[in-house]
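The values are calculated or read from the model by the stated rules, or taken from the named source; none is laboratory data. Predicted, not measured: the structure shown is a model, and the values here were computed from it. Please note: Cβ atoms are built from the backbone with ideal geometry, for glycine as well, and neighbour counts cover all protein chains shown.
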Protein chains: 2
Amino acid sequence: MYSRSPWGDLSFLSLVSFLLLLPAPSCHGGKVLVFPVDGSHWVNMKVLIEELHARGHTITVVRPSTSWYITEESPLYTSITIKEKESLYSFFEAFLQKHFKAQQEVVSTLKFFQLTMEFLSMIEEAHILACDTLARMFDDRKLMKSLQDAQYDMMLTDPAMAGGLLMAHYLKLPVVLNARWITSGEGHFAIAPSPLSYIPVPGSGFTDKMTFVQRVQNMLHYSIIVYQQRFMVGPSYDAICAKYFEGGCDIISLIQEADIWLMRSDFVFDFPRPTMPNVIYMGGFQCKPAQPLPPDLEEFVQSAGEHGVIVMSLGTLVNALPVDITDQIASVFAKLPQKVIWRHRGKRPSTLGNNTLLVDWMPQKDLLGHPQTRAFVAHGGTNGVQEAIYHGTPVLGIPLFFDQYDNLLRLQERGAAKILELAMFNGPNFQQALNQVLTHAPYRENMQRLSRLHRDQPIKPMDKALFWLEFVMRHKGASHLRTSANRMPWYSYHSVDVLLLLLAAGGGVLLFTGLLIRILWRTCRKNRNKTKQH
Amino acid sequence: MYSRSPWGDLSFLSLVSFLLLLPAPSCHGGKVLVFPVDGSHWVNMKVLIEELHARGHTITVVRPSTSWYITEESPLYTSITIKEKESLYSFFEAFLQKHFKAQQEVVSTLKFFQLTMEFLSMIEEAHILACDTLARMFDDRKLMKSLQDAQYDMMLTDPAMAGGLLMAHYLKLPVVLNARWITSGEGHFAIAPSPLSYIPVPGSGFTDKMTFVQRVQNMLHYSIIVYQQRFMVGPSYDAICAKYFEGGCDIISLIQEADIWLMRSDFVFDFPRPTMPNVIYMGGFQCKPAQPLPPDLEEFVQSAGEHGVIVMSLGTLVNALPVDITDQIASVFAKLPQKVIWRHRGKRPSTLGNNTLLVDWMPQKDLLGHPQTRAFVAHGGTNGVQEAIYHGTPVLGIPLFFDQYDNLLRLQERGAAKILELAMFNGPNFQQALNQVLTHAPYRENMQRLSRLHRDQPIKPMDKALFWLEFVMRHKGASHLRTSANRMPWYSYHSVDVLLLLLAAGGGVLLFTGLLIRILWRTCRKNRNKTKQH
C-alpha cells in the first residue's frame, strides 16, 4: 500500500537531504526587495517570503494601496504602499463573471474569438493600471532615493506583471523570478526554444501529442499571444521605459535577462520540454506533510469508515456555482456511501444529503493527505493540483477558467484525473465521472505513481528554491547561466541570414555553371557552323 | 584569500548535503550492465563504477579482448570479454601522430579539409570495428541468453560508441548515458534545440559570441557532422539494426530515447545553452579535495618558497612533444624563479634547469589543489580542465587535438586561461604567455571565481549522478522526463507543414480577394460602357 509518511517513497539519500536541509539557517541575512503580483500569485510568493524570513533575511514588499491580499502590516516584512487609482480586483471580478458564464455553454468560434479579445482587453487594462501605479513610484523622488540607499541584495518578483523587473533595472539589482506566467503567456516561451509542434500553448487545451489540425490551431494560439505582447501589453511598459530610462528599455529583454527563474512547475506535472540552465523547477514547493485534522473534522472523516471521504473545493475566487449545478452536485453526493467535505459559500443546496458537510474553509492540504480521502473534486488551480500530486489523491476536475483546464489535462493525460467540463455538466454525467474516479483503480494508482516521482528528487523543491535565492545574493547574480541568445536580432538567432547567404552562394554556383555551359555550347555551335560554311 | 578547504565556499545548506549525502549507502543493490568506451572515456566511467560498487550495486562490464585500459579482472566488476579483430588503439595512435604534426603548422583550407576527412575516415573505421565486435556478441546465442537471464536493472553506457544502446534495446533495459560525445558530435545536438547562431559546434573553435562569418562557418561545421552521421557512422549500425532487430532500429532514435543523460559538463565550464529535463550536469564529478603529497614531492614543492610551483602535463596519450619544443620549454622553465613539476616521458631536454623536476607520473589532483601551485601548463583534456576549475588554478593551455582547444577556449573566454597554439609555439612566446598567467592577477582571480561557482551547488555533481542512476533503477526508467519530439518527422517538428498550410491559406485569401476585385471592376466597366453606349 502507498506509504502516507511525509516524503514517503524516498531513498535514504533523499531522506537525509529532506531531514537535514530543511532547517538549515542561512549564514548571513540578505536584503530582499519583493515586488509581488496580487491574488493567488501572492499566496505563492508569501510561502517563499516566510521561508526567507525564517532564514534571517530582511524583506521589503512593494504593495498597491488597494491590494486585496497583501497586508500592510506583517511580522514577515516591511511594506512600501503605493497609491493605486483603482483596485485590480474589480477587473478580475468583472472578467470572472463573464468567463464563468461562457464556460457553461459550448460556444461558436466567433463567440470564442470575441471572448478571447474581451479577455485580452481586460488584461490590457490591468497592465495599464499597474503601469500608472509604477509611474507614481518612479515620480516619487524621495521614495526612489530611499530604495537606492537601502542597497538591496536582490529583487524577487513575479513577471506576470513587469513592475518588479523595471524597478530592478532602475536599482541595478539581480533578479529572481517566482514565475510561471509572464506579461503575455507562459514564461518558457520567452527564454527557451519552444517548438510549437509538441509544446502546447497554454489556453489551447492541447497536450504534447497534437494532430496536424491541432498544431495549426496551436500556432494560431501562439500568434494571439505575440499580438497581445506587441500591441496590448507592451505599449504601457514601453511608455515607462521611454520616460524613466535613458536609452529606453524593453520588457521582454528584461524578462530574458533575469538571473534565476524559480518555475512553479516540474516535469511530473508538466509535459517535458526544452529548458534553460537558469530555470529551477520548484513545482510543489508549497506542499507539506499533512498535519492532524481538528478533532470534529477528524471524527467526521473517521465516521466514513471503509468508504472514505471525498473532498470538494473550487478554489478561493469562486464563491458559488449556479444553484442548478450545486443542487445536482448535492443530490449526487447524497446517494454515495462516502462522506463528503465540500467547501461551499453560496446558498445551501436543497438536495443536500446527511453524508455531506458544507464548510466555509477547510484545511485542504491536511485533508488531501489524510488516509481516508478517496478523491478530490477540484477546479484545477495550480496549488490544488500540486497538493493532489504530492498526496497522491486522484482528481475529478471541473475547470472554470484561466489555466485550470490545462492543469487538469496534464493529470488526465497521465490517467490520474478525469475532467468534466461545465458545458457537459449534469447530474448523471457528474455521477458517472465521480464513480469512475472512485472505483477505477488506475486513477489512484497513476496519481500515486506521480506522487512517488514528485517526491523522489535529490533535494526538496523548497530547498532548491532557497538555495538559488541565496546563491544570487552570494554571487550578486547568476549571469554565467544566461545565454547570449537575446543579444541577437531574430533573423540572426534563427540563422536566417546565414541560410540566405548559403542559398545565394549555392544559386550563384548554379548560375555560373549554367552560364559556362551556355557559353561553351554557343562557342561549339559557332565553330560547327563555321566548319559547315567552309 | 581563497579558501582551500574541501568544498570551500559553500553555504551551510550545501555543506550539510556534502557531508551527509556522500557516505549514504543505497538501500538495495541493483544489477548494472556497463558497456563502456575505451581510453580516456573509461577513466571517467570507472569513477562512476567505483561509486556504484561502493553503494552495493553489482556491476558487469562488457569489454573487448584487445582493450588497453579495461582490465578483465577487477574487484569492482565482473567482466564479459568479447573477441575483437583488432585493437582500437592502433587507429587512435595512427591518427594522433598525423593530427599532432598538422597542429604544428598553420594549414591551408584545402589541407584542413583533407585532414578533417582523414579524421572522419579514422572514426568510421573505429565504428566499423566496434560493430564487428558487436555482431560477434549478438551471434553468440549462449551469451545473449545469459544476458537476458541475468535481468539487469539498467544499462550504463557511453554513447560515443553506440554498442551499449543497441544492447540495451535488445535486452529492453532502461538506459543511463555517461556522455558528452555521441557517435557523431556532441550529445546536446541530438536531443536539445541547438541554435547554431550562438552554440558553437565543437571543433569549430568558436565561442557563444560569433561574427556573421563565424556563424556561416559554424553551420558548415555542423553540416560535416550531419554528413558523418548519415554516411560514415550510421551505415555500420544500420546493418546491425537490420540484421538483429525485427523492424530495424535507428541509432539516433535510440540515443534520443535514453532515460537519463549524465553530462560530463556544466555551465561554469561550458557556454549556457538550451537543455532538456533528463540531462543531468555532473561536470567535475571526478574531482576530490587534494590529499597530502608524498614527502619528497612535498619537500620539493615547499622548497619553492614564496614563488610557488608550476605544474605541467600534456595528458596520458602523448608521450612526448618533439625535441625542439621540449628544449625550448625547458630553457624557459630554467629561467623562472618558480619550481616546476613536469610530467614528461620522452628524452630528457638538454636545457633542463635545476628548478625543474621531470616525473613519469604525478598526483595531479593533489598538486593542483596544493596552495603552492601558481599555474598549470596543460593540453586541455576534460579531466585536467575540470580539476583546474575545481582547485581554482589558472591554466596555460597548449591544445594538441580533439576537444582540447575548445575546452581551453571556455576558460580563456572567462579570463581564466591563456591558449598558446602549437603553430605559434616558440621560446619567447611560451615565456611571455607563462609570465602573463603567473603575474597577471585576473587569471587567478577569474579561475577562483569559476571554482567558487562550481563548488556552490545544492548537491555535489557525483551525488547528483548517483541519485539519478539509482532513480532509474528504482523507477525502471525516467520516461516522464523525455519529450514527444523524436516521434515526429523533421518537417512536423519544425512546423514546416503548418507554416506551408498557413502560407497557402494566406495566399488563397489574397488570390480570392484579387479575383473578386477584378470581377467587380469588370462588371463596373461593362455597366459604365453600357451606360455610355445608351
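In the stretch A:56-69, which residue that is of a type outside the set (A, V, I, L, M, F, W, C) and crowded, with 21+ Cβ neighbours inside 10 Å is modelled with the lowest pLDDT?
First pass over the stretch A:56-69, keeping only residues of a type outside the set (A, V, I, L, M, F, W, C): A:56-58, A:60, A:63-67, A:69.
Narrowing further to those that are crowded, with 21+ Cβ neighbours inside 10 Å: A:57, A:63-64, A:67.
On the way: A:H57: 98, A:R63: 96, A:P64: 93, A:S67: 90.
Restricting to residues being of a type outside the set (A, V, I, L, M, F, W, C) and crowded, with 21+ Cβ neighbours inside 10 Å, the top hit is A:S67.
Before we move on, is B:A239 within 30 Å of B:L96 (Cα to Cα), touching a Ser or Thr at 6+ places or on another chain (Cβ under 8 Å) and small (G, A, S)?
Numbers: within 30 Å of B:L96 (Cα to Cα): yes; touching a Ser or Thr at 6+ places or on another chain (Cβ under 8 Å): no; small (G, A, S): yes.
Taking the combined requirement at face value, the residue does not satisfy it.
Suppose we filter the stretch A:288-313 for residues that are outside any helix (DSSP H, G or I), surrounded by 19 or more Cβ atoms within 10 Å (Cβ to Cβ) and modelled with pLDDT of 95 or more; how many remain? Explain how you work it out, then say what you get.
Within the stretch A:288-313, the subset outside any helix (DSSP H, G or I) is A:288-294, A:303-304, A:308-313.
Subset that is surrounded by 19 or more Cβ atoms within 10 Å (Cβ to Cβ): A:290, A:293, A:304, A:309-313.
Checking which are modelled with pLDDT of 95 or more leaves us with A:290, A:293, A:304, A:309-312.
The total comes to 7.
A:L177: in contact with a Phe, Trp or Tyr (Cβ under 6 Å, 6 or more places away or on another chain), touching a residue at least 24 places away in the same chain (Cβ under 8 Å) and assigned by TED's automatic domain parsing to the domain that holds A:K83, yes or no? Break it down stepwise before answering.
Numbers: in contact with a Phe, Trp or Tyr (Cβ under 6 Å, 6 or more places away or on another chain): yes; touching a residue at least 24 places away in the same chain (Cβ under 8 Å): yes; assigned by TED's automatic domain parsing to the domain that holds A:K83: yes.
Judged against the criteria, A:L177 is a match.
Pull out all pairs, ordered by first then second residue, where Cβ-Cβ is under 7 Å, the residues are six or more apart or on different chains, the first lies in the stretch A:189-216 and is within 9 Å of chain B (Cβ to nearest Cβ) and small (G, A, S), and the second is in a helix (DSSP H, G or I) and crowded, with 19+ Cβ neighbours inside 10 Å.
A:S194/A:H188; A:S197/A:R215
Out of the stretch B:34-55, which residues are hydrophobic (A, V, I, L, M, F, W, C) and either modelled with pLDDT under 95 or part of a loop (DSSP other than H, G, I, E, B) (or both)?
Applying the first criterion (hydrophobic (A, V, I, L, M, F, W, C)) to the stretch B:34-55 yields B:34-35, B:37, B:42-43, B:45, B:47-49, B:52, B:54.
Once the filter is applied, which keeps residues that are hydrophobic (A, V, I, L, M, F, W, C) and either modelled with pLDDT under 95 or part of a loop (DSSP other than H, G, I, E, B) (or both), the stretch B:34-55 yields B:V37, B:W42, B:V43.
Within the stretch A:250-269, can one find any residue that is without any contact (Cβ under 8 Å) to a residue 40 or more places away in the chain and more than 14 Å from chain B (Cβ to nearest Cβ)? Quick ask: steps written out before the conclusion?
Residues of the stretch A:250-269 without any contact (Cβ under 8 Å) to a residue 40 or more places away in the chain: A:250, A:267.
Then keep just the ones that are more than 14 Å from chain B (Cβ to nearest Cβ); that gives A:250.
Yes: the stretch A:250-269 contains one or more residues that are without any contact (Cβ under 8 Å) to a residue 40 or more places away in the chain and more than 14 Å from chain B (Cβ to nearest Cβ).
Exactly one condition in (1) in contact (Cβ under 8 Å) with a residue 40 or more places away in the chain; (2) more than 14 Å from every other protein chain (Cβ to nearest Cβ); (3) among the hydroxyl-bearing types (S, T, Y) is false for A:T275; which is it?
(2)
It is to be established whether one or more residues within the stretch A:337-346 are at pLDDT below 95, surrounded by fewer than 23 Cβ atoms within 10 Å (Cβ to Cβ) and part of a helix (DSSP H, G or I).
The answer is no, given that none of the residues of the stretch A:337-346 is at pLDDT below 95, surrounded by fewer than 23 Cβ atoms within 10 Å (Cβ to Cβ) and part of a helix (DSSP H, G or I).
Which ones in the stretch A:481-507 are within 14 Å of chain B (Cβ to nearest Cβ), of a type outside the set (A, V, I, L, M, F, W, C), loosely packed, with under 13 Cβ neighbours inside 10 Å and assigned to a helix (DSSP H, G or I)?
Initial filter on the stretch A:481-507 (within 14 Å of chain B (Cβ to nearest Cβ)): A:481-506.
Adding the requirement that they be of a type outside the set (A, V, I, L, M, F, W, C) leaves A:482-484, A:486-487, A:489, A:491-495, A:497, A:506.
Adding the requirement that they be loosely packed, with under 13 Cβ neighbours inside 10 Å leaves A:489, A:506.
Once the filter is applied, which keeps residues that are within 14 Å of chain B (Cβ to nearest Cβ), of a type outside the set (A, V, I, L, M, F, W, C), loosely packed, with under 13 Cβ neighbours inside 10 Å and assigned to a helix (DSSP H, G or I), the stretch A:481-507 yields only A:G506.
Would you check if A:I255 is assigned by TED's automatic domain parsing to the domain that holds A:D153, within 13 Å of A:R180 (Cα to Cα) and in contact with a Lys or Arg (Cβ under 9 Å, 6 or more places away or on another chain)? Show your work before the answer.
On the way: assigned by TED's automatic domain parsing to the domain that holds A:D153: yes; within 13 Å of A:R180 (Cα to Cα): yes; in contact with a Lys or Arg (Cβ under 9 Å, 6 or more places away or on another chain): no.
No; evaluated as a whole, the condition is false for this residue.
Given the structure, is A:D360 in contact with a strand residue (DSSP E or B) (Cβ under 9 Å, 6 or more places away or on another chain) and in the same structural domain as A:N426 (by TED's automatic domain parsing)? First the steps, then the outcome.
Working: in contact with a strand residue (DSSP E or B) (Cβ under 9 Å, 6 or more places away or on another chain): yes; in the same structural domain as A:N426 (by TED's automatic domain parsing): yes.
Yes, satisfied.
Select, from B:K464, B:K460, B:K476, the only residue that is touching a residue at least 40 places away in the same chain (Cβ under 8 Å), within 25 Å of B:Y152 (Cβ to Cβ), out of contact with any Asp or Glu (no Cβ under 9 Å at 6 or more places or on another chain) and within 14 Å of chain A (Cβ to nearest Cβ). Reasoning before the result, please.
On the way: B:K460 fails: within 25 Å of B:Y152 (Cβ to Cβ); B:K476 fails: out of contact with any Asp or Glu (no Cβ under 9 Å at 6 or more places or on another chain).
Result of the check over B:K464, B:K460, B:K476: B:K464.
For the stretch A:69-89, which residues satisfy the criterion of being in a loop (DSSP other than H, G, I, E, B) and closer than 18 Å to A:L129 by Cα? Can you show your working first?
Looking only at the stretch A:69-89, we keep the residues that are in a loop (DSSP other than H, G, I, E, B), and these are A:69-77, A:83-87.
Scanning the stretch A:69-89 gives A:Y69, A:I70, A:K83, A:E84, A:K85, A:E86, A:S87.
Please go through the stretch A:26-47 and pick out each residue that is under 19 Å from A:G477 (Cα atoms) and either within 14 Å of chain B (Cβ to nearest Cβ) or crowded, with 20+ Cβ neighbours inside 10 Å (or both). Even if it seems obvious, please write down each step before you answer.
Quick first cut of the stretch A:26-47, residues under 19 Å from A:G477 (Cα atoms) only: A:26-35.
Within the stretch A:26-47, A:S26, A:C27, A:H28, A:G29, A:G30, A:V32, A:L33, A:V34, A:F35 qualify.
Name every residue in the stretch B:68-93 that is touching a residue at least 24 places away in the same chain (Cβ under 8 Å) and closer than 17 Å to B:L143 by Cβ, in order of residue number.
The first filter runs over the stretch B:68-93 and keeps only residues touching a residue at least 24 places away in the same chain (Cβ under 8 Å), leaving B:68-70, B:76-77, B:80, B:82-86, B:88-89, B:91-92.
Matches in the stretch B:68-93: B:Y77, B:I80, B:I82, B:K83, B:E84.
Name the one entry in B:M219, B:M210 that is assigned by TED's automatic domain parsing to the domain that holds B:S265, among the hydrophobic types (A, V, I, L, M, F, W, C) and surrounded by fewer than 21 Cβ atoms within 10 Å (Cβ to Cβ). Give the steps one after another, and end with the answer.
Numbers: B:M210 fails: surrounded by fewer than 21 Cβ atoms within 10 Å (Cβ to Cβ).
That would be B:M219, the only listed residue that is assigned by TED's automatic domain parsing to the domain that holds B:S265, among the hydrophobic types (A, V, I, L, M, F, W, C) and surrounded by fewer than 21 Cβ atoms within 10 Å (Cβ to Cβ).
Considering each residue of the stretch A:198-254, count those that are of a type in the set (K, R) and in contact with a strand residue (DSSP E or B) (Cβ under 7 Å, 6 or more places away or on another chain), and give that number. Spell out the reasoning first.
Residues of the stretch A:198-254 of a type in the set (K, R): A:209, A:215, A:230, A:243.
Narrowing the set further to residues that are in contact with a strand residue (DSSP E or B) (Cβ under 7 Å, 6 or more places away or on another chain) leaves none.
Residues meeting the conditions: 0.
Test of understanding: among A:A242, A:A168, which residue is surrounded by 23 or more Cβ atoms within 10 Å (Cβ to Cβ), farther than 27 Å from A:D406 by Cα and away from chain B (no Cβ under 14 Å)? Steps first, answer last, please.
Details: A:A242 fails: surrounded by 23 or more Cβ atoms within 10 Å (Cβ to Cβ).
It is A:A168.
Given the criterion over 28 Å from B:K460 (Cα atoms), under 22 Å from the mean Cα position of the chain (by Cα) and surrounded by fewer than 21 Cβ atoms within 10 Å (Cβ to Cβ), identify the matching residue among B:E93, B:E50. Full working, then the answer.
Values: B:E50 fails: over 28 Å from B:K460 (Cα atoms).
Answer to the check: B:E93.
Considering only residues that are β-branched (V, I, T) and touching a Gly at 6+ places or on another chain (Cβ under 9 Å), which ones fall in the stretch A:169-187? Show your work before the answer.
First pass over the stretch A:169-187, keeping only residues β-branched (V, I, T): A:175-176, A:182-183.
Hits for the stretch A:169-187 are A:V175, A:T183.
For the stretch A:278-309, give me each residue that is under 19 Å from the mean Cα position of the chain (by Cα), at negative phi and away from chain B (no Cβ under 14 Å).
To start, the set of residues in the stretch A:278-309 that are under 19 Å from the mean Cα position of the chain (by Cα) comprises A:278-287.
Add one more test, that the residue is at negative phi, and what stays is A:278-283, A:285-287.
Selection gives A:Q286, A:C287.
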